[in-house]
1. Does residue A:16 fit the bill of being assigned to a helix (DSSP H, G or I), without any contact (Cβ under 8 Å) to a residue 60 or more places away in the chain and open to solvent by less than 50 Å² (accessible area, probe 1.4 Å)?
2. Run down A:92, A:60, A:79, A:51 and say which single residue is surrounded by 17 or more Cβ atoms within 10 Å (Cβ to Cβ) and within 12 Å of chain B (Cβ to nearest Cβ).
Amino acid sequence: MNPLSVVVRTICDVFAWFMGIFGVYIIIHGHLTPGGGFQGGAVVATMIAFLLVSHGGKKLLAFARPGFYSALETTGLLLFICAGFFGITTTLFYNFLAGQGGLFGSAVPIGPNSGIINSAGTISLMNMAVGLEVIGGLSLIIIYMFKGIRLFENAEGSGETGHDR
Amino acid sequence: MKKRALFMLAILVVAGTFWGALDRIHLFGDPVRAPMDDYYLNNAQQERSVNNVVTAIVFDYRGFDTLGEAAVLFTAVCSVLALFRKGREGQ
């Protein structure tokens, strides 16, 4: 895709930061507010699509390396499975960190309360792991599908020039 | 003509079944059997120290489901990579 005009690029530069921060906020507050790893990861991955549309593929592929996102996705999935398997002494996916003190271990008062971010045990850990996985996975899908469009555009005898100007 | 009659009969059967099911449905927010829901609502904060009961169900009580969801996403990414990978000529 060709880069869009300078007005669009400036606005997208500003709002991409807000989108990234909002996605990370949804992931980190997954155990307190609606949302979680899947939703927040989708928001952060939307930022990649946003930058791809505004800045064009050449500039995006210069800094968005597929290897980085692949590592992100694998790390997230492995962290999720490990957090599930560490509670195997009781059952699979047992929340062994909740209420123990320490990392994510604060007890929560019963009833309505204002929310403690250092609570919920493995739930917040799994939210972050799933968030990493969804960020990596959806960004990889966007990047590779964009590369796939380029692949067929340069083929012999193909009049397809994509849907950009 | 016969085909159309058969079609109308099929529509009637489906609509009747659907109407019957809707007639017997419980009111919104008033489930027929609620012990499981009550258990989650009463004990999620104490057992798992989490305010968001939906997250407690998704990531803790039913964590195995979420593992499947993550695996579905992983499989989707793998298939997209296999489809759009740049191969050599004739491969």
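1. yes
2. It is A:79.
To keep it simple, each residue is scored yes or no on (1) assigned to a loop (DSSP other than H, G, I, E, B); (2) at positive phi; (3) touching a residue at least 40 places away in the same chain (Cβ under 8 Å); (4) among the small types (Gly, Ala, Ser).
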position: A:45; (1), (2), (3), (4): no, no, yes, yes
position: A:48; (1), (2), (3), (4): no, no, yes, no
position: A:87; (1), (2), (3), (4): yes, no, no, yes
position: A:98; (1), (2), (3), (4): yes, no, no, yes
position: A:111; (1), (2), (3), (4): yes, yes, no, yes
position: A:124; (1), (2), (3), (4): no, no, yes, yes
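The values are calculated or read from the model by the stated rules, or taken from the named source; none is laboratory data. Here the structure is a predicted model, which means the values were calculated and not measured. Positions of Cβ are generated from backbone atoms using ideal geometry, with glycine treated the same way; all protein chains shown enter the neighbour counts. Side chains are part of the model used for accessible areas, which takes the heavy atoms of the whole protein and leaves out ligands, DNA and RNA. Shrake-Rupley method; radii C 1.70, N 1.55, O 1.52, S 1.80 Å.
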